[in-house]
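These notes are about the structure you will find just below.
The values are calculated or read from the model by the stated rules, or taken from the named source; none is laboratory data. Keep in mind that this is a model prediction, so the values were computed, not measured. Virtual Cβ from ideal backbone geometry, glycine too; neighbours counted across all protein chains shown.
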Amino acid sequence: MALAATAALLAFGWSGAASAGSDTTGSLPVPRFVSLKADRVTVRGGPDKDHDVAWVYTRLGWPVEITAEFENWRRIRDSDGSEGWVYHSLLSGKRTASVQLKAKTDLAPLYAQPDAKSGVTAQLQVGVLGTVKRCTGTWCQISGQGFEGWILQTDLWGVYPDEKVE
């Protein structure tokens, strides 16, 4: 009976294993943001290799959110809201973020300082990927290929609202 109840809970996406501290990377919080460690990451429908491949990510460094853990597997969600399971070694603790705005044609200003009155150093398109250097809770300092500066935290996928990153 207990085995059937556990199977039912896992089928609905609950992982008591994460709550019980069986995370092999330590007791890190769930949810949390991480990034893809490889340029080819296979996403499965469940937390083992017997589950079918749902899709494959092909973008190294892309930010994803861990929403559950089961043994060495992590359920992740991407900026589109798609969820699936990946093996833990394919994820990195390196913090990255992508520009995410209401309209895909909008541009996000990148400032020289964490102040909208400072000079704009670049305009970033939706989907531009950057490394998160730090966040104040309102602003994030990011860098990428050919740019570095400060962006409003609300314009990024890969950091939580009001999150401080050192």
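Go over the candidates Lys164, Lys133, Lys102 one by one and state the one that is at pLDDT below 95 and outside the structural domain of Ala54 (by TED's automatic domain parsing).
Just one listed residue meets the conditions, Lys102.
Each row is one residue, and each column tells you yes or no for (1) part of a loop (DSSP other than H, G, I, E, B); (2) among the hydroxyl-bearing types (Ser, Thr, Tyr).
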{"residue": "Ala108", "(1), (2)": "no, no"}
{"residue": "Asp115", "(1), (2)": "yes, no"}
{"residue": "Leu124", "(1), (2)": "no, no"}
{"residue": "Thr131", "(1), (2)": "no, yes"}
{"residue": "Arg134", "(1), (2)": "no, no"}
{"residue": "Gly137", "(1), (2)": "yes, no"}
{"residue": "Ser143", "(1), (2)": "no, yes"}
{"residue": "Gly149", "(1), (2)": "no, no"}
{"residue": "Thr154", "(1), (2)": "no, yes"}
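Picking from residues in segment 89-103 that are outside any strand (DSSP E or B) and touching a strand residue (DSSP E or B) at 6+ places or on another chain (Cβ under 8 Å), the one that is surrounded by the most Cβ atoms within 10 Å (Cβ to Cβ) is Arg95. Selection within segment 110-119: residues that are surrounded by 12 or more Cβ atoms within 10 Å (Cβ to Cβ) and of a type outside the set (S, T, N, Q). The member of this set that is farthest from Leu152 (Cα to Cα) is Ala112.
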